[in-house]
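To keep things clear, I will list the structure first and then write my remarks on it.
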Amino acid sequence: MTFSDEGAVCISVQKGTYERLQAVIRDLGVDSVTDFLVGIAEGNFGVYDMSESSNEDFAHEQEVQEEAINYDQEVKKLCVLHFFKEPRYVVDMSRYRGMIDMVSGLDTKVREGLDKYLDESKILSDIYLKVRNHFQLGAFAACLHGEWIESRDSLPLLPSVADIDGRFQIEMEDVYRRADHTVAKRIEQGTP
């Protein structure tokens, strides 16, 4: 991007601001401030008007986004409480361990792999993440990508214990469905 002397733009920044701007620009995948300015001119980046008239709108958007992030944190706290602090949920893979124990001559590596696959604490942690992600808005990730939550009214109510119980059951049934197939298949592959 070149400017004629008449159309030149002079931007003055405080000490340290330019370096912070460079770091932010690099995070966006742009090599230089000049390339960033060219990108803005070409419409590749959104620019917020920080004039007085838009300050209120921007502040409102920021406030709503912060509420959405707080919502995500509250969902996380609820799930941690029910999954790990109380704990309300138990994963029982004993049925599959019994299937493995009944097989004689099962390859040692297959047995060890199945033991890892049936690790109840790992399964519980995986289910926790799926349940938590199901109820979270992903507001923090959306904010990082420049997306905005429409309004406070678009935030759902926090999930109830019954909601979390129901989602746990759905995820647990999926674990059992996959284990039915996987354990039988691995036992078949690991026996002479």
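The values are calculated or read from the model by the stated rules, or taken from the named source; none is laboratory data. Values in this document were obtained by computation on a predicted structure and should not be read as measured data. Note that each Cβ is placed from the backbone with ideal geometry, even for glycine, and that neighbours are counted across all protein chains shown.
Annotations for the structure displayed:
- Residue-level analysis places Tyr128 among those that are part of a helix (DSSP H, G or I), at pLDDT 95 or above and closer than 19 Å to Met172 by Cβ.
- Exactly one residue among Glu6, Glu56 is modelled with pLDDT under 90, out of contact with any Phe, Trp or Tyr (no Cβ under 7 Å at 6 or more places or on another chain) and outside any helix (DSSP H, G or I), and that residue is Glu6.
- Filter pass, Val183 being surrounded by 10 or more Cβ atoms within 10 Å (Cβ to Cβ) and either at pLDDT below 80 or closer than 23 Å to Ile69 by Cα (or both): no
- A residue that is at pLDDT below 80, acidic (Asp, Glu), in a loop (DSSP other than H, G, I, E, B) and outside the structural domain of Asp163 (by TED's automatic domain parsing) occurs somewhere in region 34-43.
- Residues located in region 110-122, provided they are in contact with a helix residue (DSSP H, G or I) (Cβ under 6 Å, 6 or more places away or on another chain) and assigned to a helix (DSSP H, G or I): Val110, Leu114
- Selected residue (only one of Phe168, Phe135 is at pLDDT 95 or above, out of contact with any strand residue (DSSP E or B) (no Cβ under 7 Å at 6 or more places or on another chain) and of a type outside the set (A, V, I, L, M)): Phe168
- Meets criteria (touching a His at 6+ places or on another chain (Cβ under 7 Å) and farther than 14 Å from Val175 by Cα) for Arg97: no
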